[in-house]
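A.B. asks: Below are the structure tokens for one structure; questions will follow.
Each value in this text was obtained by applying a stated rule to the coordinates, not by laboratory testing. Since we're looking at a predicted model, the values are computed, not measured. Here the Cβ positions follow ideal geometry from the backbone for every residue, glycine too, while neighbour counts run over all protein chains shown.
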Amino acid sequence: MEERDTRRTAGLPTPAGPADPSDDLALLRAHVAGDRDAFAQLFQRHRDRLWAVALRTMGDREEAADALQDALLSAHRAASRFRGDSAVTTWLHRIVVNACLDRIRRRQAHPTVPLPDGVRTDSGSATGGVEPAAPVHDHDTALVVREALAALPVEQRAALVLVDVQGYPVAEVAKILGVAEGTVKSRCARGRARLAVLLGHLRPTAGSAGTPAGSGSGVPPVTLGNQRRAEGVGSGSGRSRRDAKQEDT
């Protein structure tokens, strides 16, 4: 404590420790009470990991940014309904994952032809993909891994991203997804088996099939200015509970 105070007095940067769950709850309560800045502070504390989950679940930067925007708006509106039966960060991750899964399901129901990576649309915004500075080999490998993840059933993909890519404990992922721990383990096992087949040719040079698909850096700006409704996303895990009753394909 004294070291941190000394560094702060001297104008030196203070190393950031893990987010305090009690602070998360205090910020959420302050937001519900009318503090205009509290929710933005809460999001800033967790935005890097939330963005990484969205990006690797969606496999496309624009889609991930839209899903994160949907989740932010949903969490902002649903904060008063937070019951405190899980950590605030678990609640936030659940909303982000649900927003991603909803977008994936809508995309599968209404498929479109994707543009090649790096191609810009008429609006000038870039499509998803790994960072252009990546070496050619790493770029190609990341694209193959991302396509393999995208080929998995959405429930298996979400479980693998959270457990194998982001490193969350199975128990925490079970809370995020609103399913039993055994369901998470089963989805991960099936997803790994499918990835082993899809990525077997990369094993000699690319290492683990759990290599992150794409860069998790460069969190896009997310604001509350876009007040469009975030469909199918809520503070609870109703959809996840329904999904848990279905057998994974």
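A.B. asks: Compute the FRET efficiency between Asp23 and Ala196 as 1/(1 + (r/R0)^6), taking r as their Cβ-Cβ distance and R0 = 41 Å, and round to the nearest 0.05.
C.D. replies: Efficiency, from the Cβ-Cβ distance: 0.50.
A.B. asks: Another question about this same structure. Which distance in nm do the two modelled labels at Arg107 and Ala151 give, with both placed 7 Å along the Cα-to-Cβ direction?
C.D. replies: Taking the simple label geometry, Arg107 and Ala151 are separated by 1.6 nm.
A.B. asks: Right, something else. What order do you get for 168-175, 58-65 when each peptide is scored by the mean count of other beta carbon atoms within 10 Å, highest first?
C.D. replies: Listed from highest to lowest mean packing, they are 58-65, 168-175.
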